[in-house]
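Student: Starting off with a structure, shown below.
The values are calculated or read from the model by the stated rules, or taken from the named source; none is laboratory data. The model shown is predicted, which means the values in this text are computed figures rather than measured ones. Note that we place each Cβ from the backbone using ideal geometry, even for glycine, and neighbour counts take in every protein chain shown.
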Amino acid sequence: MGGVHAQVGKAASEAANSVEHKIDEKRADNEAKKSGPVGKAVNKVKSGYHKNRSEASKEKAKKALKDAG
């Protein structure tokens, strides 16, 4: 039973990470809209990074829930 709780806890943690990265992605997108050419480029890179991390965390959360059975 402890393993199930650990997996569910891990899933919750990964889900929270996914949401945080999604927020940071949106923040970077908004900053890119307000920035000049260099700022746009930098913020687009940040946005892409956070998008990828959000997806990775989401997949880890799904796997942890699946492993919890």
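Student: Exactly one condition in (1) at pLDDT 95 or above; (2) in contact with a helix residue (DSSP H, G or I) (Cβ under 9 Å, 6 or more places away or on another chain); (3) not aromatic (Phe, Trp, Tyr) is not met by Gly3; state its number.
Tutor: (1)
Student: Among what's in the stretch 1-37 and is surrounded by 14 or more Cβ atoms within 10 Å (Cβ to Cβ) and of a type in the set (Lys, Arg), pick the residue that is nearest to Glu59 (Cα to Cα).
Tutor: It comes out as Lys10.
Student: Restricting attention to the stretch 38-52, does a residue exist that is within 24 Å of Asp67 (Cα to Cα), without any contact (Cβ under 8 Å) to a residue 60 or more places away in the chain, loosely packed, with under 15 Cβ neighbours inside 10 Å and not β-branched (Val, Ile, Thr)?
Tutor: Initial filter on the stretch 38-52 (within 24 Å of Asp67 (Cα to Cα)): 52.
Keeping just the survivors that are without any contact (Cβ under 8 Å) to a residue 60 or more places away in the chain gives 52.
Checking the rest, the ones that are also loosely packed, with under 15 Cβ neighbours inside 10 Å come to 52.
Imposing the further condition that a residue be not β-branched (Val, Ile, Thr) reduces the set to 52.
Yes, some residue in the stretch 38-52 is within 24 Å of Asp67 (Cα to Cα), without any contact (Cβ under 8 Å) to a residue 60 or more places away in the chain, loosely packed, with under 15 Cβ neighbours inside 10 Å and not β-branched (Val, Ile, Thr).
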